[in-house]
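Notes follow once the structure below has been shown.
Each reported figure results from applying straightforward, stated rules to the coordinates on display, with no laboratory input. Everything numeric in this text was worked out from a predicted model, so none of it was measured. Cβ placement follows ideal geometry from the backbone for every residue including glycine, while neighbour counts extend to all protein chains displayed.
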Amino acid sequence: MRIKHYFKAVIITALSTILLSACQSVRPYQRIFLNDHEMQMGATSGQQFEQYVEGIREGATPPASGKASGGCGCN
């Protein structure tokens with residue numbers, strides 16, 4: 001019975017340590033960098049390129065895309 005309690009305590013301690021170590025406070029002089037383009041969520045340039053290539057390969061226009069791409073890759 002003691003082994004089960006010890007095992008539970010070790011698991012809870014490890015999970016707590018992992019969850020609490022993910023928190024980080026931001027200093028006031030670092031806050032100006034939080035609004036940089038690299039910090040924004042959304043499609044990165046790599047994902048945009050993959051969508052572009054997929055549009056060429058499939059011969060379809062990706063959603064929310066202004067330009068129409070053909071299947072031959074000459075757009």
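At-a-glance table
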read-out	value
Total residues in the range 1-20, condition over 32 Å from the mean Cα position of the chain (by Cα) and surrounded by fewer than 10 Cβ atoms within 10 Å (Cβ to Cβ)	5
Every residue from the range 1-33 that is among the aliphatic types (A, V, I, L, M) and outside any helix (DSSP H, G or I)	MET1, ALA22, VAL26
